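Working notes, structure below.
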Amino acid sequence: MRVLETTLREVRDGGRRCLIGYVMGGVRADWTDLMRAMVDGGADVIEIGVPFSDPMLDGPVIQRACRSALGRGVSLERILDDLPEVAAPVVAMTYTNQLVSRGFSTYMRALSRSGVCGSLVADLPFAESAEYLSVARDSDVAPVLMVAPSTPLEAAVQIAGASEGFVYSMSAMAPTGSEGAGGDAGRQAAQRLRSRVDVPVVVGFGIDSPERAARAVRHSDGVVVASALMQRVLDGASAATIAGTVAEFRRRIDSAA
């Protein structure tokens, strides 16, 4: 079993919920300090966004973070060169174009060489994922797949069966950070899926406050906190402030689990 899934299972088996903190690679010059701060604050896993010019599933906050990183000349290669060692597994999140333009094998080998242990491709349909799944596994990178609230349960179970590390359950059919995301439909979908599969089910999209995170973990194995952190980063928050924000999410999640 790969390190990503081992980590999430250990968290779950310990009666806790997984907290995944997101940072856009290269969003600021000190972005690697932000990674360390998230781990210091209690994040179990770090998700790194690879900046892309058309992040269709991302809301305005992550799009701004993308533009900031691209404006600084950041690329996948630069992110991986700068990637620090942290005491948490790292997952890279991007879009299909990044893989196609480089070649699936080249992309996955680059992740693996840099110590990235998981890969999430936001816009890759499951029906078209066979090559991605094969190459990721051959490269010792866990392919993390996504399901939406609208995904029929049996299809979601099939997707979860192919996902490694965890399955990413979208809380809403809306971009990241959207107003109203994280509602009942998303929670119910995650709860139904969790009752049917063994792989950890993690909820993302719209986890914009510790209170919403606490509600989400009652029906899942963890949450991804992205826009809430990136908004503070874009507003100029220090690494220490980000650590404190993550610690508050951690406290509320642990209280709710």
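Just so it is clear, none of the values below were taken in a lab; they were calculated from the coordinates. Computed from a predicted model, the values in this text were never measured in an experiment. Virtual Cβ from ideal backbone geometry, glycine too; neighbours counted across all protein chains shown.
Brief remarks on what is shown
- Residue by residue, segment 229-238 carries 3J(HN,Hα) couplings of 6, 5, 4, 5, 4, 5, 7, x, 4, 6 Hz when phi is fed to the Karplus relation 6.51 cos²θ - 1.76 cosθ + 1.60 (θ = phi - 60°); x denotes Gly or Pro.
- For the chain, calculated [θ]222 nm from helices alone, where every DSSP H run of n ≥ 4 adds -39500 (n - 2.57): -14000 deg cm²/dmol
- Packing here is the average count of other Cβ atoms within 10 Å per residue, and on that basis the peptides 246-253, 123-130, highest first, run 246-253, 123-130.
- Taking every C-alpha pair closer than 8 Å and separated by at least 6 residues, the mean separation divided by the residue count of the chain gives a relative contact order of 23 percent.
- Debye log10 I(q)/I(0) for the chain, one point scatterer per Cα, at q = 0.09, 0.11, 0.13 Å⁻¹: -0.33, -0.50, -0.73
- Protection-proxy order for peptides 62-69, 228-235, 189-196, each taking the mean of Cβ atoms within 10 Å per residue, highest first: 62-69, 228-235, 189-196
- Charge dipole (debye, nearest 20) of the chain; +1 at Cβ of Lys and Arg, -1 at Cβ of Asp and Glu: 400 debye
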